[in-house]
Amino acid sequence: MNDAALQNRPQEAHSREIRVEEFFPHSPEAIWKTLTSGELMGRWVGMAPTGFEPVVGNRFTYQTTPGGEWDGTIHCEVLEVIPNQRFVYSWKGGHESNSGYGAPLDTLVTFTLEKAEGGTRLGLLHTGFVLPRNETAYRGMSNGWPQVVSRVGTISGERDPETRR
């Protein structure tokens, strides 16, 4: 391929993921309750879900700030529920005409809980960010998810009788 052909080739997309892992001195049951209660989700995510139930196939939404042609609705579907162990849902939003904030996003959020001595290891894996299209969302959520996971621990601590002795 000559230099001109290389320059005119579409930029190849790269997929990225966000991974956050933290240990909390709370039971898996307390963390699970925080992760799968609609009321508590609103506190740790910072957006109240509409129509949420921790049931495979359930569709729910979050509402965030609109941008461009995007109305700010994040569409989610519960894909996997293994109580006290694993919770997975899709996270989709954006509009085809947007670039930057509000660009199309089709991702997956996975929470894993692992009982450990003195508490629980909580893992978050948010996959499917296609760069460069999702660069804005990837950067923002890379900074946001560690704070969100920390709030899961704080809220779980409020509700876990084992840590309130």
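Select from the range 5-26 the residues that are more than 16 Å from the chain's Cα centre (by Cα) and modelled with pLDDT of 95 or more and write down the one among them that is surrounded by the most Cβ atoms within 10 Å (Cβ to Cβ). Write out each step before concluding.
Here is the first cut: in the range 5-26, the ones more than 16 Å from the chain's Cα centre (by Cα) are 5-14, 23-26.
Next, only the ones that are modelled with pLDDT of 95 or more stay: 23-26.
On the way: Phe23: 14, Phe24: 25, Pro25: 15, His26: 28.
So the residue we want is His26.
Among the residues of the range 63-89, which ones are of a type outside the set (Asp, Glu) and under 24 Å from Pro28 (Cβ atoms)? Step through it out loud before you land on a result.
Taking the range 63-89 as the starting set, the residues that turn out to be of a type outside the set (Asp, Glu) are 63-68, 70, 72-76, 78-79, 81-89.
Residues satisfying the conditions are Cys76, Val78, Leu79, Val81, Ile82, Pro83, Asn84, Gln85, Arg86, Phe87, Val88, Tyr89.
Would you say Gly123 is over 20 Å from Thr61 (Cα atoms) and within 15 Å of the chain's Cα centre (by Cα)? Break it down into steps so the answer makes sense when it comes.
Numbers: over 20 Å from Thr61 (Cα atoms): yes; within 15 Å of the chain's Cα centre (by Cα): yes.
Judged against the criteria, Gly123 is a match.
Which of the residues spanning the range 25-70 are outside any helix (DSSP H, G or I), closer than 27 Å to Asn98 by Cβ and of a type in the set (A, V, I, L, M)?
Result: Met47, Ala48.
Going residue by residue through the range 129-152, is there one that turns out to be closer than 14 Å to Leu35 by Cα and not hydrophobic (A, V, I, L, M, F, W, C)?
Residues of the range 129-152 closer than 14 Å to Leu35 by Cα: 145, 148-152.
Those still in the list that are not hydrophobic (A, V, I, L, M, F, W, C) too: 150-151.
Taking every residue of the range 129-152 in turn, at least one turns out to be closer than 14 Å to Leu35 by Cα and not hydrophobic (A, V, I, L, M, F, W, C).
Do we have Thr110 as of a type in the set (S, T, N, Q), assigned to a strand (DSSP E or B) and within 20 Å of Ile18 (Cβ to Cβ) here?
Values: of a type in the set (S, T, N, Q): yes; assigned to a strand (DSSP E or B): yes; within 20 Å of Ile18 (Cβ to Cβ): yes.
Taking the combined requirement at face value, the residue satisfies it.
I'd like to check something: does the range 51-64 contain any residue that is within 17 Å of the chain's Cα centre (by Cα) and within 20 Å of His14 (Cβ to Cβ)?
no
Could you say which residue among Ser99, Ser142, Ser156 is outside any strand (DSSP E or B) and surrounded by fewer than 16 Cβ atoms within 10 Å (Cβ to Cβ)? Lay out the reasoning, then the answer.
Numbers: Ser142 fails: surrounded by fewer than 16 Cβ atoms within 10 Å (Cβ to Cβ); Ser156 fails: surrounded by fewer than 16 Cβ atoms within 10 Å (Cβ to Cβ).
Answer to the selection: Ser99.
Does Ala116 qualify as being touching a helix residue (DSSP H, G or I) at 6+ places or on another chain (Cβ under 7 Å), farther than 19 Å from Ser15 by Cα, touching a residue at least 12 places away in the same chain (Cβ under 8 Å) and surrounded by fewer than 17 Cβ atoms within 10 Å (Cβ to Cβ)? Give the derivation first.
Numbers: touching a helix residue (DSSP H, G or I) at 6+ places or on another chain (Cβ under 7 Å): no; farther than 19 Å from Ser15 by Cα: yes; touching a residue at least 12 places away in the same chain (Cβ under 8 Å): yes; surrounded by fewer than 17 Cβ atoms within 10 Å (Cβ to Cβ): yes.
Spelling it out, it is not the case that Ala116 is touching a helix residue (DSSP H, G or I) at 6+ places or on another chain (Cβ under 7 Å), farther than 19 Å from Ser15 by Cα, touching a residue at least 12 places away in the same chain (Cβ under 8 Å) and surrounded by fewer than 17 Cβ atoms within 10 Å (Cβ to Cβ).
Is it fair to say Ser99 is at pLDDT below 95, polar (S, T, N, Q) and out of contact with any Phe, Trp or Tyr (no Cβ under 6 Å at 6 or more places or on another chain)? Spell out how you get there, then give the answer.
Values: at pLDDT below 95: yes; polar (S, T, N, Q): yes; out of contact with any Phe, Trp or Tyr (no Cβ under 6 Å at 6 or more places or on another chain): yes.
Spelling it out, Ser99 is indeed at pLDDT below 95, polar (S, T, N, Q) and out of contact with any Phe, Trp or Tyr (no Cβ under 6 Å at 6 or more places or on another chain).
Looking at Val81 and the list (1) surrounded by fewer than 17 Cβ atoms within 10 Å (Cβ to Cβ); (2) over 14 Å from Arg19 (Cα atoms); (3) in contact (Cβ under 8 Å) with a residue 12 or more places away in the chain, which single condition is not satisfied?
Against the list (1) surrounded by fewer than 17 Cβ atoms within 10 Å (Cβ to Cβ); (2) over 14 Å from Arg19 (Cα atoms); (3) in contact (Cβ under 8 Å) with a residue 12 or more places away in the chain, Val81 comes up short only on (1).
Go through the range 62-72 and count every residue that is surrounded by 15 or more Cβ atoms within 10 Å (Cβ to Cβ) and not small (Gly, Ala, Ser).
Number satisfying all stated conditions: 3.
The values are calculated or read from the model by the stated rules, or taken from the named source; none is laboratory data. What you see is a predicted model, and the numbers here were worked out from it, not measured in a lab. Positions of Cβ are backbone-derived with ideal geometry, glycine not excepted, and every protein chain shown enters the neighbour counts.
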